[in-house]
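Down below is the structure, laid out as structure tokens.
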Amino acid sequence: MRASNLYAPTLRNTPAEAEIVSHQLMYRAGMIRKVAGGMYTFLPLGWRVIRKIEQIIREEMDAAGGQEVCMPILQPSELWEESGRWAAYGDEMMRIKDRHSRDFCLGPTHEEMITDLVRDEVRSYKQLPLMLYQIQDKFRDERRPRFGLMRSREFIMKDLYSFDKDVEGMNESYRKMYDAYTKIFTRMGLEFRPVEADNGAIGGGHSHEFTVLADAGESNIAYCTSCDYAASDEKAELKPLDIPAEEELPLEKVSTPGTNTIESLCEYLHVSADQTIKAVAYQTDKDELVLAFVRGDHEVNEVKVINQIEGALDLRMADEDAIRAAGGCPGFMGPIGLKKGTHVLVDATVMKMHNAVTGANEADAHFRQVNPERDFDRGAVVVADLRMVSEGDPCPHCGAPLKMTRGIEAGQVFTLGTKYSQAMGAVFLDENGKEQPLVMGCYGIGVGRTMAAAIEQNNDEQGIIWPRAIAPFEVVIVAVNAKKDDQLAYAEGVYEECRQAGMDVLLDDRRERAGVKFKDCDLIGYPVRVVIGPKAVDEGVIEVKVRRTGEVYTFHREEYLSKVQ
Ligand code: ATP
Ligand code: MG
Ligand code: MG
Ligand code: MG
């Protein structure tokens, strides 16, 4: 490729709306352009990076036994009705109607569609295990699309789905994917950490998030320095608090405040934003889910959260109007975190004791994963400890003090069990000829988000510093003065040699000043820059600069090739 033909409009200035460095640099380096909020066009350089990331993912998915398919983006509502998620998914789902007023969505994920695909075709255990994946656009109408590719509304995701005959098989598929993800992020040259994660509204069993470590990340990670324990703060286990027994909690009703901000709740509860409080959630005989806050002095404030909404695993995803109509306060549960913008942790030990799963994350977000019928009996009292994990808390595995860091969720793996196969009747005949539901897992990687994460982790004042495996070009050959025929001819020779050697190389043959070209090289972040100036033409001396270290080497024509490879 020749830079004179490349559509890569670089900018010296940063667009005002770009808040984080990856967004700024992708914009300035001429890799993306905004179409509308959370929607971007990839320009040639940006698209090359995307395709390289996709290719690494593809190779590792194939090596792990995955087979690539391509499903429609447009999905009929009927499939989602079967799983119960048409109602439950909420505002994040982009919904459209066709000319006959039939409901469709632009797929935010594909569990329903893939389950539909296999339920008619997989009949026998002999066809298992099966792993199918695609790399394709997903649509999510995010509440706050921001940070460029990091949280957009249309984004590219690799999603793989595994089908097994039993739980052991599913766990084996999960392990294969976990290992494949480890290889993928290692090959991309990223510093990452797999962390135990909450499995969110997708339902099912255990989960890990693959987080790329970077300050701009939205995930808080607790990790142990003496063993390999690492978990997101939504998931990290805490040492149980000394919580009074259920009977001792004086639960008296107080009026519901008509408010839904953290500040007003803190005021209502007379607590400061960093105080630890305890909360009690229980279900009344009127089917109301009630959350009571207990302060240190055991004074109780009780808040009616929501009337039970069918199928709502995650209130953020439920229809806000429906919650209001039912007398609830959408977005009310954020306050139990009591620290704006931070995540809240529910003590899993305590939860287990009461056989329930409840919790919250994100300011103004939601009461998470509560399904009273499923998670606890009617009338049960659930005690949740709403501390957040913090630096110095003991590691639940070895007791050593935990450290905290920030990361970007680039991928996530989940075991799903039979949630979708049971709801949608995806069954097979086992060795004994008995009908069984398929046992599933699902595994996503955000391709664009991974690109952004790579930049967050690899940049300096001059621009991006691409890890070689995902750089738009590995090597750039700069003809210092392309107006000089001898320099250009020499540079073309070097360019051809590099191409012959199998390198992904760009020839900067633009008739620009050398300074302009060097600035662009640093901004775009090619890992290796080869400079062809008068010294090359006259003496056969070639200058090679390594973007990451800034080191400059000079080589003779005969030896440079092995050095840049
Ligand atoms: P988040 O917690 O950031 O909202 P998620 O947990 O909802 O992400 P998953 O459903 O696990 O996302 O999807 C798999 C992957 O898709 C994520 O790990 C992430 O890399 C990517 N992804 C999810 N939402 C977005 C988005 N709005 N923009 C870009 N990538 C996304
Ligand atoms: Mg999300
Ligand atoms: Mg997430
Ligand atoms: Mg996720």
*Is one or more of the residues making up the stretch 407-414 at pLDDT below 95, among the hydrophobic types (A, V, I, L, M, F, W, C), within 15 Å of ligand 1 (Cβ to nearest atom) and touching a Ser or Thr at 6+ places or on another chain (Cβ under 7 Å)?*
yes
*Does at least one position in the stretch 549-565 carry a residue that is closer than 22 Å to residue 46 by Cα and not basic (Lys, Arg)?*
no
*In the stretch 70-122, how many residues are assigned to a helix (DSSP H, G or I) and among the aliphatic types (A, V, I, L, M)?*
7
*Within the stretch 109-128, work out how many residues are farther than 18 Å from residue 425 by Cα and over 20 Å from the mean Cα position of the chain (by Cα).*
1
_residue 38 vs. criteria touching a strand residue (DSSP E or B) at 6+ places or on another chain (Cβ under 8 Å) and either crowded, with 16+ Cβ neighbours inside 10 Å or farther than 30 Å from residue 9 by Cα (or both)_ = yes
*Give the residues of the stretch 538-554 that are farther than 16 Å from residue 495 by Cβ and assigned to a strand (DSSP E or B), sorted by residue number.*
541, 545, 546, 552, 553, 554
*asked:* Looking at 86, 80 in this structure, which one is free of Cβ contacts under 8 Å to residues at least 24 places away in the same chain, more than 29 Å from residue 431 (Cα to Cα) and crowded, with 17+ Cβ neighbours inside 10 Å?
replied: 86
*So residue 198 fits all but one of (1) out of contact with any helix residue (DSSP H, G or I) (no Cβ under 6 Å at 6 or more places or on another chain); (2) among the acidic types (Asp, Glu); (3) more than 16 Å from ligand 2 (Cβ to nearest atom); what number is the exception?*
(3)
*What about residue 165, is it under 23 Å from residue 439 (Cα atoms), within 16 Å of ligand 4 (Cβ to nearest atom) and of a type in the set (Lys, Arg)?*
no
*Of the conditions (1) surrounded by fewer than 20 Cβ atoms within 10 Å (Cβ to Cβ); (2) within 16 Å of ligand 2 (Cβ to nearest atom), residue 140 clears all except one; give me its number.*
(1)
*Report, by residue number, each residue of the stretch 1-35 that is of a type in the set (Val, Ile, Thr) and out of contact with any strand residue (DSSP E or B) (no Cβ under 7 Å at 6 or more places or on another chain).*
10, 14, 20
*For the stretch 541-565, enumerate the residues that are among the polar types (S, T, N, Q) and touching a residue at least 12 places away in the same chain (Cβ under 8 Å).*
554, 565
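Assess whether residue 24 counts as being surrounded by fewer than 20 Cβ atoms within 10 Å (Cβ to Cβ) and assigned to a helix (DSSP H, G or I).
Against the criterion (surrounded by fewer than 20 Cβ atoms within 10 Å (Cβ to Cβ) and assigned to a helix (DSSP H, G or I)), residue 24 does not qualify.
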*Within the stretch 512-565, work out how many residues are surrounded by 13 or more Cβ atoms within 10 Å (Cβ to Cβ) and farther than 25 Å from residue 459 by Cα.*
13
*Consider only pairs whose beta carbons are under 7 Å apart and that are at least six residues apart or on different chains; among these, list those whose first residue lies in the stretch 50-73 and is closer than 26 Å to residue 468 by Cα and whose second residue is modelled with pLDDT under 95.*
none
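The values are calculated or read from the model by the stated rules, or taken from the named source; none is laboratory data. Since the structure is predicted, the reported quantities are computational estimates derived from the model, not experimental observations. Positions of Cβ are backbone-derived with ideal geometry, glycine not excepted, and every protein chain shown enters the neighbour counts.
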